[in-house]
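This report concerns only the one structure given below.
The values are calculated or read from the model by the stated rules, or taken from the named source; none is laboratory data. Only a predicted model underlies this, so the values are computations on that prediction, with no experimental measurement involved. Cβ atoms come from the backbone with ideal geometry, glycine included; neighbour counts cover every protein chain shown. Protein only, heavy atoms only, side chains kept; ligands, DNA and RNA dropped before computing areas. Shrake-Rupley method; radii C 1.70, N 1.55, O 1.52, S 1.80 Å.
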Amino acid sequence: QVQLVESGGGLVQSGGSLRLSCVASGRTFSSYVMGWFRQAPGKKREFVAAIKWTTITYYADSVKGRFTISRDNAKNAVYLQMNSLKPEDTAVYYCAVGPPMRNSRYADEYSYWGQGTQVTVSS
């Protein structure tokens, strides 16, 4: 059974940093895209970042230059380093397994999802 478990969320002041982690179990996803999405209250889930292999990355314009996605295939894990956080980054953050070999920003192309971790940025 595939399971994704996120951690690292919390409360941080504007301008601060957080590092989210997501560990997958049940199968290996080294050849699959891994992504992060977020959902704020009353809003649709939105794409944040994705990574193919260990070096090909893809970001939403709203986080480009502030967030960095990375992965460790040996640990079956994906990370999201979030710097210069803003109140508008407040959301529940989800990691997910995407399609093999191709980056995607579309949630319906991601097959497995974690339970989410809350990130709250105070002004």
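So the values come out like this:
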quantity	calculated
Residues within the stretch 18-66 that are under 13 Å from the mean Cα position of the chain (by Cα), among the hydroxyl-bearing types (Ser, Thr, Tyr) and within 14 Å of VAL78 (Cα to Cα), tallied	3
Residue count for the stretch 29-58, restricted to those that are surrounded by 11 or more Cβ atoms within 10 Å (Cβ to Cβ) and part of a loop (DSSP other than H, G, I, E, B)	6
Every pair of residues 6+ apart whose Cβ atoms lie under 6 Å, when the first sits in the stretch 100-123 and is of a type in the set (Lys, Arg) while the second is part of a strand (DSSP E or B)	ARG105/PHE47
Candidate set: the stretch 1-39, residues that are farther than 17 Å from GLN81 by Cβ and of a type in the set (Phe, Trp, Tyr); chosen: the one modelled with the highest pLDDT	TYR32
When residues of the stretch 1-26 are limited to those that are hydroxyl-bearing (Ser, Thr, Tyr) and assigned to a loop (DSSP other than H, G, I, E, B), the one surrounded by the most Cβ atoms within 10 Å (Cβ to Cβ)	SER14
Flag if GLY42 is on the phi > 0 side of the Ramachandran plot and without any contact (Cβ under 8 Å) to a residue 24 or more places away in the chain	yes
Members of the stretch 1-17 found to be within 12 Å of the chain's Cα centre (by Cα) and aliphatic (A, V, I, L, M), listed by number	LEU4, VAL5
Verdict on ASN73 being open to solvent by 10 Å² or more (accessible area, probe 1.4 Å), modelled with pLDDT of 95 or more and out of contact with any Leu (no Cβ under 7 Å at 6 or more places or on another chain)	no
Check on SER62, more than 16 Å from GLN3 (Cα to Cα), open to solvent by 30 Å² or more (accessible area, probe 1.4 Å) and either among the acidic types (Asp, Glu) or in contact with a Leu (Cβ under 9 Å, 6 or more places away or on another chain) (or both)	no
The stretch 91-113, residues that are under 19 Å from ILE56 (Cα atoms) and open to solvent by 30 Å² or more (accessible area, probe 1.4 Å)	PRO100, MET101, ARG102, ASN103, ARG105, TYR106, ALA107, GLU109
Segments classed as strands (runs of 3 or more DSSP E), wholly inside the stretch 72-123, with at least 2 members that are more than 13 Å from the chain's Cα centre (by Cα)	91-100, 117-122
